[in-house]
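This report concerns only the one structure given below.
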Amino acid sequence: MDLRRVRTWDGLTGLAGIVLLVSLFLPWYSAGGQDATGWESFTVIDVILALAALAGIASLVAVATQRTAAIPQAVASTIAPLALVAVVLAVIRLLNLPGGADTREAGVWIGTAAALALFAFDAKAMRDKRFPAVMRPKLTVETVPTPAADGTRHDVR
């Protein structure tokens, strides 16, 4: 694993995945003085959000462990549909309180922002075709003097 291979957008995608996963453990809603985390509030949505978060983290790991640029590009393109579903579900849960909930807590805001960031950063990572500088081959080109007018070369003995 070489973290020098990680491009900016790939690193931010992994960071957004970590934040989304952590947000599921924070309080999302409260009702009557009782808080409910993301895991307690949902039945299937929490699993989809967790899968999207783990996919973002896996993208970071794939970039750091692979020597070619093709693998991270492929991983980033496979994450996009799952991240889009996570964004839609998080926004719906932000706008529509579940039955019995009175207020939104910090977790729903952080989770929605992290899902949006995961999708946006992954989209930018897909479009980033730069090859990390650490992976570029180091070419040393030695200049050869031009031949003399009579066709003889002075660099050959």
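The values are calculated or read from the model by the stated rules, or taken from the named source; none is laboratory data. Only a predicted model underlies this, so the values are computations on that prediction, with no experimental measurement involved. Here the Cβ is made from the backbone with ideal geometry for all residues, glycine too, and neighbour counts use every protein chain on show.
Brief remarks follow.
- Long-range neighbours under 8 Å by Cβ, at least six apart or interchain, first residue under 25 Å from Ala90 (Cβ atoms) and modelled with pLDDT under 85 within segment 1-22, second part of a helix (DSSP H, G or I) and of a type in the set (Ser, Thr, Tyr): Asp10/Ser59
- Residue count for segment 42-75 satisfying the condition of being more than 18 Å from Val19 (Cα to Cα) and in a helix (DSSP H, G or I): 10.
- Boolean, Ala64 is under 22 Å from Phe25 (Cα atoms) and either out of contact with any Pro (no Cβ under 8 Å at 6 or more places or on another chain) or surrounded by 16 or more Cβ atoms within 10 Å (Cβ to Cβ) (or both): no
- Against the test of being out of contact with any Leu (no Cβ under 8 Å at 6 or more places or on another chain), at pLDDT below 90, of a type in the set (Gly, Ala, Ser) and closer than 24 Å to Asp128 by Cα, the options Ala58, Ala101, Ala36 yield a single qualifying residue, Ala58.
- Residues in segment 141-157 that are of a type in the set (Asp, Glu) and at pLDDT below 75: Asp155 alone.
- Filtering segment 28-39 for residues that are touching a residue at least 24 places away in the same chain (Cβ under 8 Å) and loosely packed, with under 14 Cβ neighbours inside 10 Å leaves a non-empty set.
- The sole residue among Ala86, Ala106, Ala101 that is of a type in the set (A, V, I, L, M, F, W, C), more than 17 Å from Asp10 (Cβ to Cβ), exposed (fewer than 14 other Cβ atoms within 10 Å of the Cβ) and in contact with a Phe, Trp or Tyr (Cβ under 9 Å, 6 or more places away or on another chain) is Ala106.
- Index of the failed condition, Ile45 passing every other in (1) more than 14 Å from Asp122 (Cβ to Cβ); (2) without any contact (Cβ under 8 Å) to a residue 12 or more places away in the chain: (2)
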